[in-house]
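The values are calculated or read from the model by the stated rules, or taken from the named source; none is laboratory data. Every value quoted in this text rests on a predicted model; they were computed, and no experiment measured them. When we count neighbours, we look across all protein chains shown, and the Cβ atoms used for this are built from the backbone with ideal geometry, even at glycine. Ligands, DNA and RNA are excluded from the accessible area calculation, which covers all protein heavy atoms including side chains. Shrake-Rupley method; radii C 1.70, N 1.55, O 1.52, S 1.80 Å.
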Amino acid sequence: MATRIPRAYRRPLTATRFRKKILGRIYLDTEREFVAGAFHEGDDGKYRLREDLTPEDKKRLARIAKEIKKNRGLLRIGRIAVPLLIVGGAVAFNLLFLDRILETNGEKLLERVFGAQVEIEQLDAQPMEGRITLAGLIVADRDRPMRNLFEFGPTTIAIRMPELFTGRVVIREISTTGIAFGTERTTSGALDDSDAAGGDDGSGAGLEDLEQRTEAGLDAVVDSLGVDGIGGLDDLSLEALSLDVEALIADARDDLTVTTLVPEAIEDTEAAIASTEAQLEGISGRVRGLGDTVQEVAAIDPSSLTNPQTILSTVQTIESTRDSVSALGEDARTLQRSLEAEIARLRETEQALRNAAQNDLDALQARIPDFDIDPSAIAEAGARAFVAGFLGEAWNTVQRVIAVAQRVRAAIPESTERDRRPRRGGVDIPFSETPYPRFVIERLAGDGGDSSQRIEVSVTGISSDPDLTDSTTEIVFRRDRTDGRYLHLESELDLRSGARMRSESLFEAVGAEPSLPEAAQQIGFASLNGATRLSGGTILFADGALAGTLDAVVTDPRLSATEGASPVAELIAGIASEQEQIDGSFTFELRDAAITDIEASTSLTELLRAQVEQLIADLRAEAEARIREEIDRIVAEQIERLAEEIAVFDVLVGRSTEELLRIETYEQILDEQKTELESRVADIRDQAEAAARAAVEQAEAQARAEAEAAAEAAAREAESRVRDAAGGIRLPGRRN
Amino acid sequence: MIITIIARFIAALNANRRPGEVAAGIAMGVLLALIPAGNLLWVALLIVSALLRLNLGIEIVTMLLLSPLAHLADPLLHRIGLTVLTSPNLQALFSSAYRLPLMPFTRFNNTVVLGGLLAGLALWIPVFFLGRVLVGVYRTKIHPAIANSKIVKAFEKIPIVSKIAGLVRKFSRVYGAVA
C-alpha cells in the first residue's frame, strides 16, 4: 500500500511557513536537507511536494512530519492529563470514602494509644468547615477488657484546616457530651494479637518497654507499700504485743539456771548412788560374813568353860573378830557420812534452785519486748497503710496518664530533627509563629452523667511533642453527685524533656465511701465506713520521685477489726468508732518505688496514747505472771526430781544404818563375851589362888604337925610346888 | 533500567529534537541534583520538568550522575541558603510563605534546599546555553565522525553495546537515517 502524504505537506506552503513551520522544526541537517529537497518552489512562490518521490521518501517524510509535530510547543499537554486524572481521582476517592477512611484510621490510632479496642460511631467529616462530628466514641479498658475506659456521646471536633496542609493534625476543640467512665461491655475490648502487632509501627518495642517499666514500677511501689515494707507497722508489731511466753521461755530455756542446775546436780549423784550401792553391798556381805562368827561367840557360855587355855583361846578369837567388826563399822560409818553429805548437797541444790528461780524470773522478764510504743508511731503506721493504698491509686492513675501521653507520642511519631531535614542535612530555619507538632488537641471539653451525677472533663494542651509547643497539659475532672458528694481533680502534666516536675495534681473528694487499702486489711482492719473528705496534692518529679500531702476527714467513722485481730487493731478500731470525726494529715515522699519519707498526724493520737499505755501495762503484767507461773512450774518440777534423788539416798542411808546397827550389836556381843570370859578367867584364877592358899595353910598345918624340921623342909617343898603350878598360868595383862 | 536510560540519553543526543530540549534537560538535571530529594519542592520540579518539553532522559541521567557529587557542594549550598534565609529583609516573606498551604512540605526553610534551588536556578541559564552548544557540536562534528568509524562498528558488536544500540534504535527512529 502506498504511503499517504502527510496532511501538512499536501497544501502549498508559503516560503515563510515552509521555512518556519517545516524546516525550522527539523534539527538534524540531513533531515532538513532531505525535506528541502523533497519540495520545489512553484511559480506562485509557494512550496509544493515533488511528484517523483519514491515510497521510501514518502515514508521518511511521514516520520519527519510526526517529529515536527512533536517538536511543537513548550508543554506536553498529554502528560498534564495523567497527573490531573490521578489527583482528581484521589480527591474524588477521598471525598467519597473520607468518612470511612478517617473512622478506620482514627480507630487504629486510638487503639495504639489506649492499647484496647476503639469504636468510632458515625463519623461525618466536613473538610470545608474543618469539622468532624461523631455519634459516639467508645474506648475499651486495656486492663479490664469487659469494661470501657471511657466513652463519649455526640462529639464535635474542630480542626485547623491550614495545618492539615502542613502535615499536622491540630484540633482546636473537642466538644462532647455523654461522657461516661467504666461502663460495661458486652464483648471483650482486648485487642487481638494480630491487631496489636499490626498497630506497631516500629515504636512497639519502646511502647512495650514503657508499659513494662510502668507496670513494674507500679508493682514495686505496691509491694513496697505492703505491710512488710512499712517500717512503722513493724513497730506497731501487732504480733509482738500478743507475746508468746512459752516461746520466749523456750528460746531462753538453755540459758535458764533453773533448768540446768538440777540436771547437773543429778548427773553427779547418779555416779555417787552407783558407787554407794556397791559399797553398801560390800558392807552388807561383810556384816553377813561376821554375823555367823558373832553368833558362835554369843553362843558360848563362859561359865561352862573351865579350862583357862580354852578360855584364853576363845578370848583371842573374840578379839580378832572384834577387830574385824570395828573395821567394818568404821567403813559403814564412812559410807553413812558420805550418804549424808550427798543428801546435804542435794538439799543445798534445792535451795540454790529456789534462789536461781528469782534470777531467772528477772532475766526472762527483762526479755519481754519493750512495748513502750509511741502512739504517733501507730498513727504513722496506720497512715502508711492508708497512704499505701492512696499512693497505689495515685501512682496508678498518674502512670496511666503518662503512659497514654507517651503512647500518643509513640503512636504519632514526631519527626525528629534529623527527619525534618533532607538527607543531605542543612539547617531548618523556623518561620512558624505557632510551632505545632504533628498532633495537637488544644482543648477537649465535655460533660456527661446521669440523674445521679454530673461529670465535667476538660483537657487542654494535648500534644505529641510538648517540647515543641513548650506547654503543659492541664486536666480538670469534676464529678458532682446529686446527693452532695463530689470529686474534683486538677492536674498539670508536664512532659517536656527538661521538666523537673512531671505532674502536679490537686484533688478534693467529699462523701466518698472510704475503702481500706489492702495493707490496712493485712494488719487487721476489716472495714471503714463513714463520710470522708479527702483533699491534697501530689507532685511527680521527673526523676520518679512522688511527693504529696493528704488531708483526710472521716465523719462518723466505723472502723472494724478482723476476727482474731491483734489487741492494738481492736483498740484502734474501738477508739476510732467512738469518735464523731477523725482528722488525719499526711505528707509523704516516694522515691525509687519505695516510701522514703512519711509524716502523719491524726486526731486519734492522744486518745491512743493512754489506751495504748494501759494496754501495754496489762500485756506486760500478764506476760510477767505467765513467766512467773512457768518458772514456778519448772522449779517445782526440778525440786520433785531432787526429792526423788534424796529419797534414793535416804533408802541407802537406811540400809547403811541397819548395817551399822548390826555391826554395833556385834561389837556389843563380842565385848560382852570377852568381858564374860575375862571375868571367868579371873574367877578361875581366884579359885586357884584360894585353893593354893588353902593348900598352903593345910600343908603348913600338917608340917607343923608332922615335924617341925621335916615340916619345914616339906613346907618349902610344897611351897615350891605351888609356885610351879601358879607360874604355868600367865593371865593376859597380869604380871607376876 | 540503566541501559534504557543510557539508550534514551544517546537517542536524545542523536534524535531530531531541538537542542534546547536536551540542554534544558541537562540544566534541570543539575537543578534537581543540587536540591536534596525528599521534599515537595523537588517533587514539584520533577513534575514540572515532566510536563515541559524537555528531554526527561537527559534530565534523569544528569541528575543521577551529579547527585552523588552534589553533597560535596552542600557546605557552599548551606552558606547560600543560610545567608538568604536569615536575611532580615526576607523574613516577612518567608514567614508568610511558610504559612501558605503545602509550603512547609517544600522544606524551603532548609538551608541546603534553598541554597540548592538558588544555585540551580543561577546555573540553569549558563548550563542551558552550554548544553545547546555541546549538542550542536556533537551532532555536527562528533557524531558523524565517530558513527562510521571502524572502532565504533567493532564496539557495537559487544553484546551489551548491541543491546544499547537496539534500544537506541527503538527510541530514535532517525537512527537509521543518521547512522
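General remarks:
- Selection from the range A:541-560 of residues that are open to solvent by 50 Å² or more (accessible area, probe 1.4 Å) and part of a strand (DSSP E or B): A:T549, A:D551, A:T555, A:D556, A:R558
- The conditions of being open to solvent by 30 Å² or more (accessible area, probe 1.4 Å) and over 53 Å from the mean Cα position of the chain (by Cα) are met by A:P127.
- Residue tally, condition part of a strand (DSSP E or B) and among the charged types (D, E, K, R), over the range A:29-42: 1
- The number of residues in the range B:103-114 that are more than 10 Å from chain A (Cβ to nearest Cβ) and surrounded by fewer than 17 Cβ atoms within 10 Å (Cβ to Cβ) comes to 0.
- Screening the candidates B:L117, B:L134, B:L100 for the property of being farther than 23 Å from B:H78 by Cα, within 12 Å of chain A (Cβ to nearest Cβ) and out of contact with any Asp or Glu (no Cβ under 6 Å at 6 or more places or on another chain) yields one hit, B:L100.
- Test result for B:T86, more than 12 Å from every other protein chain (Cβ to nearest Cβ) and either hydroxyl-bearing (S, T, Y) or touching a strand residue (DSSP E or B) at 6+ places or on another chain (Cβ under 7 Å) (or both): no
- Any hit, the range A:43-65, residues being assigned to a helix (DSSP H, G or I), farther than 26 Å from B:L52 by Cα, away from chain B (no Cβ under 14 Å) and among the small types (G, A, S): no
- Note on the range A:561-603: residues that are open to solvent by 40 Å² or more (accessible area, probe 1.4 Å), out of contact with any Pro (no Cβ under 9 Å at 6 or more places or on another chain) and assigned to a strand (DSSP E or B) total 9.
- From the list A:T675, A:T657, the lone residue that is part of a helix (DSSP H, G or I), touching a residue at least 24 places away in the same chain (Cβ under 8 Å) and not charged (D, E, K, R) is A:T657.
- For A:E433, the criteria (1) at the interface with another protein chain (Cβ under 9 Å from one of its Cβ atoms); (2) at pLDDT 65 or above hold in every case but one, which is (2).
- A:V113 fulfils the conditions (1) open to solvent by 40 Å² or more (accessible area, probe 1.4 Å); (2) under 22 Å from A:R172 (Cβ atoms); (3) modelled with pLDDT under 85 except for a single criterion, (1).
- Only one of A:T310, A:T306, A:T349, A:T314 that is out of contact with any Phe, Trp or Tyr (no Cβ under 9 Å at 6 or more places or on another chain) and free of Cβ contacts under 8 Å to residues at least 24 places away in the same chain: A:T310
- Of everything listed in (1) in contact with a helix residue (DSSP H, G or I) (Cβ under 6 Å, 6 or more places away or on another chain); (2) modelled with pLDDT of 85 or more, the single unmet condition for A:T166 is (2).
- A count restricted to the range B:99-154 and to residues that are under 19 Å from B:P36 (Cα atoms) and among the polar types (S, T, N, Q) stands at 4.
- Comparison of A:E121, A:E151 shows that the only residue that is over 12 Å from A:A190 (Cα atoms), of a type outside the set (A, V, I, L, M, F, W, C) and surrounded by fewer than 20 Cβ atoms within 10 Å (Cβ to Cβ) is A:E121.
- B:L117 being out of contact with any helix residue (DSSP H, G or I) (no Cβ under 6 Å at 6 or more places or on another chain) and surrounded by fewer than 22 Cβ atoms within 10 Å (Cβ to Cβ): no
- Selection within the range A:1-28 - part of a helix (DSSP H, G or I) and modelled with pLDDT under 80: A:R7, A:A8, A:Y9, A:R10
- Residues of the range A:604-624 satisfying the condition of being open to solvent by 50 Å² or more (accessible area, probe 1.4 Å) and not in a helix (DSSP H, G or I): none
- Test: residue in the range A:639-659 that is among the aliphatic types (A, V, I, L, M), over 28 Å from A:S320 (Cα atoms) and open to solvent by 80 Å² or more (accessible area, probe 1.4 Å): yes
- Selection of the range A:36-89 for residues being open to solvent by 80 Å² or more (accessible area, probe 1.4 Å) and among the acidic types (D, E) yields A:E41, A:D43, A:D44, A:E51, A:D52, A:E56.
- Answer residue from the range B:27-61, given it is buried (at least 24 other Cβ atoms within 10 Å of the Cβ) and without any contact (Cβ under 8 Å) to a residue 40 or more places away in the chain and is nearest to the other protein chains (Cβ to nearest Cβ) among those: B:L54
- Across the range A:70-109, the number of residues qualifying as within 14 Å of another protein chain (Cβ to nearest Cβ) and either in contact (Cβ under 8 Å) with a residue 40 or more places away in the chain or of a type in the set (A, V, I, L, M, F, W, C) (or both) comes to 12.
- The set of residues from the range A:241-262 being open to solvent by less than 70 Å² (accessible area, probe 1.4 Å) and either free of Cβ contacts under 8 Å to residues at least 24 places away in the same chain or touching a Gly at 6+ places or on another chain (Cβ under 8 Å) (or both) comprises A:A247, A:A250, A:T260.
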